[in-house]
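Only the coordinates and a few stated rules stand behind these numbers; no lab work does. Quantities reported herein were computed from a predicted structural model and do not represent experimental measurements. All Cβ positions, even for glycine, are placed from backbone atoms using ideal geometry, and neighbour counts span all protein chains on display.
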Amino acid sequence: MRTSLLIVLAACIASAQSFEVASIKPAAPDARGMGFRVQPGGRLKMTNVTVRVMVTYAWDIRDHQVAGGPAWLDTEHFDILAKPENEIPQTPEGRELQKRMVQALLAERFGFKYHRETKEMPIYVLVIAKNGPKLATSAPETQGEMMMSRGKLEAKKMKTGNLANGLAGRLGRNIVDQTGLTGDYDFTLEWTPDVGEGMGSKGLPEGPSREAPQLAEGPSLFTALQEQLGLRLDSQKGPVEILVIDRAEKPSEN
């Protein structure tokens, strides 16, 4: 169901903190992988990211939840270093504030506007597998970090809800965390990608019950989750919110 009001981010900037300094440059043509790193004080370093990836981070959604917009949102890659005016604590409230600041950055530098729609779609539910979780608790001083490449996810100080969000884009479905786990964890998850993985709903099979060709010998993502992390994905249906991009412009380099 389409909302009746077009949401314009610029109207929200006055009520949310903006980054004091934000450097946006085209990524190197030969750059591989994408990275997000929260540095001490709340500095945010994004490497080789697309605008669509920025949108999924800022609104805590995945690629299959983003529709519309110009084609370059998926083909132009950027390196971004953003520094807040005041230090941002790495708490749940601080992380939410940082995401709102990325929303403001998109409005200020990319002329970003959008509206929302809700659809009933297939989803996954993340639960604890039969033999229990296999997750190492993070040390208190560990800095949060996630690096994801094809067939590998390396995480430090990550919650299972963030893991669910990170994997949703690979599977082309929303993933709801129902593990009941509340800690921060360090782990590495490795699997053999299916053909078309990373294309979301455009190319990836719907779930583990469907046969799909693989690129090499090795565990599927579903098997790797159970064997390496002690978690499982169950298939269900549920409402999924879609963010529809109405406008975006390329930023000037600085």
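Going from the residue with the fewest nearby Cβ atoms within 10 Å to the one with the most, SER252, SER138, SER220, SER149 rank SER252, SER149, SER220, SER138.
Give me the extension gain from LYS237 to THR223: residue separation times 0.36 nm, minus the current Cα-Cα distance, reported in nm with one decimal.
Working: separation 14, 0.36 × 14 = 5.04 nm, distance 2.14 nm.
Length gained, LYS237 through THR223: 2.9 nm.
The alpha-carbon of LYS119 sits under 22 angstrom from the alpha-carbons of these lysines, leaving out residues fewer than 8 places away in its chain: LYS202, LYS237. Students often get this wrong, so check it: of LYS159/LYS250; LYS113/LYS156; LYS113/LYS152; LYS99/LYS157; LYS83/LYS250; LYS113/LYS159, which have C-alpha atoms separated by over 28 Å? Over 28 Å apart, Cα to Cα: LYS159/LYS250; LYS113/LYS156; LYS113/LYS152; LYS113/LYS159. Rounded to the nearest 0.05, the FRET efficiency derived from the C-beta distance between ALA139 and ASN86 at R0 = 41 Å is 0.95.
3J(HN,Hα) along region 43-53: 5, 10, 10, 10, 10, 6, 9, 8, 4, 4, 5 Hz, from the Karplus curve 6.51 cos²θ - 1.76 cosθ + 1.60 with θ = phi - 60°, whole Hz, x for Gly and Pro.
Sorted from fewest to most neighbouring beta carbons within 10 Å, what does the list TRP59, TRP191, TRP72 look like?
Numbers: TRP59 19, TRP191 22, TRP72 13.
The most exposed by this proxy come first: TRP72, TRP59, TRP191.
Arranged from fewest to most other beta-carbon atoms within 10 Å of their beta carbon, TYR57, TYR124 become TYR57, TYR124. A simple spin-label model places the labels of ALA67 and VAL176 2.1 nm from each other, with each point 7 Å out along Cα-to-Cβ.
Taking amide H as placed 1.01 Å from N in the peptide plane, ASP246 has its amide H under 5 Å from the amide H of LYS113, TYR114, HIS115, each at least 5 places away in sequence or on another chain. Pairs of alpha-carbon atoms within less than 8 angstrom and 6+ residues apart define the contacts here; what relative contact order does region 16-137 have, in percent? RCO, region 16-137: 32 percent.
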